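Have a look at the structure below, then the notes.
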Amino acid sequence: MKITKGVNRLGTETAFKVLAEAKKLEKEGKEIIHLGLGQPDFKTPSHIVDATIKALKDGHHGYVLPNGIIECREAVSRKIKSLYNASIDPERIIIMPGGKPTMYYAITLFGEPGAEIIYPDPGFPIYKSMIDYTGAKAVPLNLTENRDCSINPEKILSLINNNTRLLIINNPNNPTGSFTEKNKIDQLAAGLKKFPNVAILSDEIYSRQIFDGKEIPTFFNYPDLYDRLIVLDGWSKAYCMTGWRLGWGVWPEQLIEHVVKFCINSHSCVNAAIQYGGIAALDGPEDELNNMLEKFSLRRKLIVDGLNSLKGIQCSLPGGAFYAFPNIKGTGMSGEEFAKKCLHEIGVAIVSGTSFGNFATDYVRFSFAASRENISKALEKIDKMLR
Ligand SMILES: Cc1ncc(COP(=O)(O)O)c(C=O)c1O
């Protein structure tokens, strides 16, 4: 058998590998505290579940439009209007099985040998994996140069050249939890006007997990970029629906036909009943979303204070998402050694910084989408491990 070279360049998401190892240890009888995978530990709000069950009972079991049912696209458009006061034609919205496919298709549309794509490092590992797959040059934006790992607009603009096709921004960022305020994104958007051939993929999957009441720094604020802007968002993180596989992308008009073809060539359409659940989520009450954010905020303080009290560990306060990304250089271990030791010696599952890029060798990622008891227990165990 001879498979393509591109496939051999594909990377992976180490968080799933850590989960598999942790599950294996659990099966052997070890107690594991899971701070690895990035998913809210709350249940999907019941009005979303009910709407989905109703849709199935009402007979929504068949194929639907590849870009999503119009009711769901209209609900996304309404939400964008209410959150950002931006008017987006539902025809520019494509419903996907999760947030990831928007990333997959965007990178596939722009990546090929000779092209360059700028991506955050540390960043969600699938960006680089997909860029490598296409044969494009992956140009990392080193976020660790800023202590809080926020985005430096001037640095980004300096990385752009004639080969740059796509710029990937993820704010708030996974894995660092860093948050870049709107004034900096305004600066970036203004600078991008000088580079009309560069498309932008703004991954806003953590847009509803921003702390301290700060404004969401969405790219929907810049209508003059709309003809080359792709916004990735979805239900996974905001509505505790990671396993439902439901997301949306907003695309420039001229790319719609290509993306719809991708959908038809791969998944055909997204599960219809689940799209009705998605509508209920977007149009329904947000109390549970707000409660969750409050809980995340308390846990954020618990984990960051706890980590900063440990010998050799320094952690900035994350402004969004649900990740703490401490520098652990002072422990004398690399991030990889530290994460391995945590899992195998004390049963705490976390992810090494190198899983997210080359600039994060001294870091590890803790997901604080876990109970306060488990976070405290994990901190105690790490304290003991380091003594
Ligand atoms: C930055 C980022 N983008 C996209 C995704 C993918 O989201 P989904 O699970 O909806 O595919 C994730 C998931 O962890 C993420 O962290």
Practice prompt. Grab the Cα-Cα distance for SER46 and LYS384, subtract it from 0.36 nm times how many residues apart they are, and report the gain in nm with one decimal.
Written response: 117.6 nm
Worksheet item: Residues with amide H under 5 Å of MET96's amide H, sequence separation 5 or more or different chain, H placed in the peptide plane at 1.01 Å from N; which?
Response: GLY247, TRP248, GLY249
Discussion item. Taking θ = phi - 60°, what integer Hz values does the Karplus form 6.51 cos²θ - 1.76 cosθ + 1.60 yield along the stretch 283-296, in sequence order, with x for Gly and Pro?
Written reply: 8, x, x, 10, 4, 5, 5, 5, 4, 5, 5, 4, 5, 4
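How much of the DSSP bridge set in the stretch 63-283 is antiparallel, in percent, rounded to the nearest 5?
Details: 8 of 26 bridges.
Taking every DSSP beta bridge within the stretch 63-283, about 30 percent pair in antiparallel fashion.
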Fill in: DSSP-defined antiparallel bridges as percent of all bridges, the chain, nearest 5
45 percent
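From the alpha carbon gyration tensor of the stretch 63-283, can you work out the equivalent ellipsoid semi-axes (sqrt of 5 times each eigenvalue) and give them in Å, largest to smallest? Please report the intermediate quantities before stating the final value.
On the way: eigenvalues 136, 81, 51 Å².
Those come to 26, 20, 16 Å.
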Worksheet item: How large is ³J(HN,Hα), in whole Hz, for each residue of the stretch 328-335 in order, when computed from phi with the Karplus curve 6.51 cos²θ - 1.76 cosθ + 1.60 and θ = phi - 60°, using x for Gly and Pro?
Response: 10, 3, x, 7, x, 10, 7, x
Fill in: 5 angstrom amide H check on ILE33, placed H, neighbours 5+ away
VAL348, ALA349
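Looking at this model, which pairs from LYS81/LYS128; LYS17/LYS184; LYS43/LYS184; LYS17/LYS329; LYS43/LYS311; LYS214/LYS384 are more than 30 angstrom apart at the alpha-carbon? Let's see the in-between values first.
Numbers: LYS81/LYS128 32 Å; LYS17/LYS184 35 Å; LYS43/LYS184 35 Å; LYS17/LYS329 23 Å; LYS43/LYS311 35 Å; LYS214/LYS384 36 Å.
Violating the 30 Å limit, Cα to Cα: LYS81/LYS128; LYS17/LYS184; LYS43/LYS184; LYS43/LYS311; LYS214/LYS384.
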Fill in: Distance from the stretch 55-69 to the stretch 242-287 (C-alpha centre basis), Å
12 Å
Fill in: Karplus-derived HN-Hα couplings along the stretch 84-90 (A = 6.51, B = -1.76, C = 1.60, θ = phi - 60°), whole Hz, x at Gly and Pro
10, 6, 10, 9, 10, 4, x
Worksheet item: Per-residue ellipticity at 222 nm for the chain, helices alone: DSSP H runs ≥ 4 residues times -39500 (n - 2.57), over residue total, nearest 500 deg cm²/dmol?
Response: -12500 deg cm²/dmol
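Could you give the semi-axes, largest first, of the ellipsoid that matches the chain, computed as the square roots of 5 times the alpha carbon gyration tensor eigenvalues and rounded to whole Å?
Working: eigenvalues 204, 133, 87 Å².
After diagonalising the Cα gyration tensor, the semi-axes are 32, 26, 21 Å.
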Discussion item. For GLN209, what residues show an amide H to amide H distance below 5 Å, using hydrogens built from the backbone and excluding near sequence neighbours?
Written reply: ALA321
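We did not get these values from a lab; they are worked out from the coordinates using the rules stated. From a predicted model like this one, the values you see are computed outputs, not experimental measurements.
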